[in-house]
Amino acid sequence: MNRTFLTIGVALICCHIAYGSDDVPPAIAVSIEGCGMRLDWQSYPRIIMAVWPDGKIIWSEDPTKGGPPFRVSRIEPAKIQALLKKFEKKSVLQIDEFRHSWVVPDSTYHSIWLSTGAEHLRVKTSHELFESNSNLVVANGYVSSLEGRKREEVITSDTQNFQAFRKLWTDLRTSISRLIPLKGNPLAEPLKLKLAK
């Protein structure tokens, strides 16, 4: 069985998405990042969505690959605060499994940034992108081929830590995606994402 080990490392950094003249970092941001060979001409990171505390929200027209073109709109700031409080209540920012990076070296991965003002968290994982291939599964810190196994069976027999991480990650991704409005205007201004320690 071919397996690739997932490296784990703390991922607490600052996130700054420059949008127009606004210098306020987003409350939530989702992007695809990586290194190594790219599958197309676009560079990394590729922003999927970002939302600011005041309700300003931008999102990619391609939620799978991210990157331009983008749409922009506004949502109720209360929705953002309610979502952040939901994650605070679940102690997402304190759970060990969620404060680690589950990233295969030299691969692309999803990154989620959360900021409540007082606390910040960035979490990274490769499992979504690897499992877009129907023949691969991430389990027990490894990427492996299914080789006739059912993915659901592999996942349910996985370590408790990674099963807990999957559940939290799915909840986070689903809840964040629901913030994106059905309609928005094309974003004409430059948009850049800067990640720094």
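The values are calculated or read from the model by the stated rules, or taken from the named source; none is laboratory data. Quantities reported herein were computed from a predicted structural model and do not represent experimental measurements. For neighbour counting, all protein chains shown are included, and Cβ atoms are generated from backbone atoms with ideal geometry for every residue, glycine included.
For region 79-99, taking the residues that are loosely packed, with under 14 Cβ neighbours inside 10 Å and assigned to a loop (DSSP other than H, G, I, E, B), the one that is modelled with the lowest pLDDT is identified as GLN94. All of (1) under 15 Å from TRP113 (Cα atoms); (2) at pLDDT 90 or above; (3) in contact with a Gly (Cβ under 9 Å, 6 or more places away or on another chain) hold for SER73 with one exception: (1). Among the conditions (1) small (Gly, Ala, Ser); (2) touching a strand residue (DSSP E or B) at 6+ places or on another chain (Cβ under 8 Å); (3) assigned to a helix (DSSP H, G or I), SER144 misses just one, which is (3). From the residues in region 126-155 that are among the aliphatic types (A, V, I, L, M), under 17 Å from THR108 (Cα atoms) and more than 18 Å from the chain's Cα centre (by Cα), which one is surrounded by the most Cβ atoms within 10 Å (Cβ to Cβ)? The qualifying residue surrounded by the most Cβ atoms within 10 Å (Cβ to Cβ) is VAL137. Just a yes or no: is a residue in region 126-147 at positive phi, of a type outside the set (A, V, I, L, M) and modelled with pLDDT of 90 or more? Within region 126-147, one or more residues are at positive phi, of a type outside the set (A, V, I, L, M) and modelled with pLDDT of 90 or more.
Among the residues of region 109-130, some residue qualifies, meaning at least one is assigned to a loop (DSSP other than H, G, I, E, B), touching a residue at least 24 places away in the same chain (Cβ under 8 Å), of a type outside the set (Lys, Arg) and within 18 Å of ILE32 (Cα to Cα). Scanning region 147-168 for residues that are in a helix (DSSP H, G or I) and free of Cβ contacts under 8 Å to residues at least 60 places away in the same chain yields ARG151, GLU152, GLU153, VAL154, ILE155, THR156, GLN160, GLN163, ARG166, LYS167.
Scanning region 45-59 for residues that are surrounded by 18 or more Cβ atoms within 10 Å (Cβ to Cβ) and more than 14 Å from ARG178 (Cα to Cα) gives PRO45, ARG46, ILE47, TRP52, LYS56.
The residue pairs whose first member lies in region 65-78 and is surrounded by 14 or more Cβ atoms within 10 Å (Cβ to Cβ), whose second member is modelled with pLDDT under 90 and part of a loop (DSSP other than H, G, I, E, B), and whose beta carbons are closer than 7 Å, counting only pairs six or more residues apart or on different chains, are GLY67/GLN42; PHE70/LEU187; ARG71/LEU187; VAL72/LEU187. Of the candidates TRP41, TRP102, TRP59, the single residue that is closer than 20 Å to ASN161 by Cα and either at pLDDT below 95 or not in a loop (DSSP other than H, G, I, E, B) (or both) is TRP102.
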